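Just so it is clear, none of the values below were taken in a lab; they were calculated from the coordinates. Nothing here was measured: the structure is a model prediction, and the numbers come from that model.
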């Protein structure tokens, strides 16, 4: 598949199974992340790899963070939280690592981190590895960030689930006309 075809046909894969990406595949994904647009060459991102027993530990962290917010969490919700990380054999926690900079505002550094995570997803797809970017309330929960060892100048931007695709999803048609307008408007 050529690069342009990959870019216009990639879809998220919500159902993933083993095997996880190999060390070689992961290395290529990280090499792609390192090519993200990066004003000031700050590299304002990093990733935590979670697999094996780490997936269980992440589920327990999700439970503890959620119970701190709601001690009366129903058992069904606790089970769901425990199983969330097990929807893939590997998760990369995408982390923005921002810093004060006279020319590169925090917002630009967050965008760079997002571009790095997207590059991981594209490189996964190019190698036949399924990927799904997930966020939700737990991605922005300070107890989860603390449990993962994030510093004060770091924040989770998402969880990139990686594995083998269980079922191919059709590629939805793109409404490109809705994405662009002329300026100044003619009319």
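Relative to the longest principal axis of the Cα atoms of the chain, the long axis of helix 23-33 makes an angle of roughly 50 degrees. Extension gain for the segment residue 8 to residue 179, taken as residue separation times 0.36 nm less the Cα-Cα distance, is 60.1 nm to one decimal.
Based on alpha-carbon centroids, what's the gap between the stretch 1-19 and the stretch 118-187 in Å, whole number please? Here the answer is 12 Å between Cα centres. For the stretch 20-124, the spherically averaged projection of the C-alpha convex hull amounts to 7.9 nm². Maximal additional length on extending the residue 67-residue 43 stretch stands at 5.2 nm, based on 0.36 nm per residue less the C-alpha distance. In terms of overall dimensions, the C-alpha atoms belonging to the chain reach 57, 44, 41 Å along their principal axes, ordered largest to smallest.
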